[in-house]
Structure formats: C-alpha cells, structure tokens
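Undergrad: Starting off with a structure, shown below.
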Amino acid sequence: MPEKDEFRIQLRVADKPYPIFCKRSEEELYRKAARAINDKISRYSSRFSAGKLEWKDFLVMTAIHFSVENLLLKQKEDISPLLERVEMLDTELEQYLQSVQSAQSN
C-alpha cells in the first residue's frame, strides 16, 4: 500500500510496463534508472545478438552490471578504515604532545 506522499508511475523496462509506487521527490530517479536499465539491455542485446541469448539473459547481465557498480560505490563510501587510522594518529599525536610537554616541564 502506498504511503501518503507516494504515487504510482508506469515504467517500461525491456518493453514491458511495470507499475511502481514511489515518492514524488524520487520519481525522476526511478525514470532515470529505467532509462539506464533499458540502455544497458540495448547495448548487451546489440553486442551479443548473434548468440543464443534471450531477453532474460540481458536482464541478468544488466542486473549483474548495476549490482557491481553499487558494490563498488559502497566500497568507496566505507570510510571506517580511514577513521580508524585517523583515531590512531590522533592518539599518537596526543601521546607525543604530552611527552613534549612533560619534557619541557622538567
């Protein structure tokens, strides 16, 4: 059931209509996603048209392509190793400054 700020749009992917509920603010993203999927399917179908591949094969290849892209983006966004390194450097710097301060006090 759609939420109050959602509405139904019709997306056409691989020449088949799909009713989708989305937020009005995300409608353009859904439409761009459908275009990107159709473009990728079209590229795969023209590249491998001489083979024995069917539409479902192109859909799977497209799903794999976008899944890998998504995973690569998530890897780039994972800054936890960087944060751990910054925390370690912060600790080392704090220890160094304390040792310098102690040496100057003596």
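Derivation of every value follows stated rules applied to the coordinates shown; laboratory data play no part. This one's a predicted model, so the numbers in the text were calculated from it and none came from an experiment. Neighbour counts are summed over all protein chains in view; Cβ atoms, including those assigned to glycine, are modelled from backbone coordinates with ideal geometry.
Undergrad: Over 28 Å between Cα atoms: which of LYS32/LYS76; LYS4/LYS32; LYS16/LYS74; LYS32/LYS56; LYS4/LYS76 fall into that group? Display every interim value, and only then the final one.
TA: Working: LYS32/LYS76 22 Å; LYS4/LYS32 23 Å; LYS16/LYS74 30 Å; LYS32/LYS56 21 Å; LYS4/LYS76 34 Å.
From LYS32/LYS76; LYS4/LYS32; LYS16/LYS74; LYS32/LYS56; LYS4/LYS76, over 28 Å: LYS16/LYS74; LYS4/LYS76.
Undergrad: When the Debye formula is applied to the Cα atoms of the chain, each taken as the same point scatterer, what base-10 log of I(q)/I(0) results at q = 0.17, 0.23 Å⁻¹?
TA: -0.94, -1.17
Undergrad: Can you tell me how much longer the chain between GLN104 and LEU73 gets when fully stretched, taken as 0.36 nm per residue apart minus their C-alpha distance, in nm with one decimal?
TA: Values: separation 31, 0.36 × 31 = 11.16 nm, distance 4.81 nm.
In short, 6.3 nm is gained.
Undergrad: For the chain, give the magnitude of the charge dipole about the Cα centre (Cβ charges: +1 Lys/Arg, -1 Asp/Glu; no others), in debye to the nearest 20. Please report the intermediate quantities before stating the final value.
TA: Working: 17 positive and 18 negative charges, 215 e Å.
Value, rounded to 20: 1040 debye.
Undergrad: Given the -39500 (n - 2.57) contribution per DSSP H run of 4+ residues, what per-residue ellipticity at 222 nm results for the chain, rounded to the nearest 500 deg cm²/dmol? Don't jump to the answer; show the numbers that get you there.
TA: On the way: 3 runs with 70 residues, N = 106.
Rounded to the nearest 500, it is -23000 deg cm²/dmol.
Undergrad: Which distance in nm do the two modelled labels at PHE7 and THR91 give, with both placed 7 Å along the Cα-to-Cβ direction?
TA: 5.4 nm
Undergrad: Let me ask another. Once you have the Cα-Cα distance between LEU53 and LYS16, take 0.36 nm times their residue separation minus that, and quote the gain in nm to one decimal. Walk me through the intermediate numbers first.
TA: Details: separation 37, 0.36 × 37 = 13.32 nm, distance 1.82 nm.
Between LEU53 and LYS16, full extension yields 11.5 nm more.
Undergrad: Helix 80-105 versus the longest principal axis of the chain: what is the Cα-based angle in degrees, 0 to 90, to the nearest 10?
TA: That helix lies at roughly 10 degrees to the long axis.
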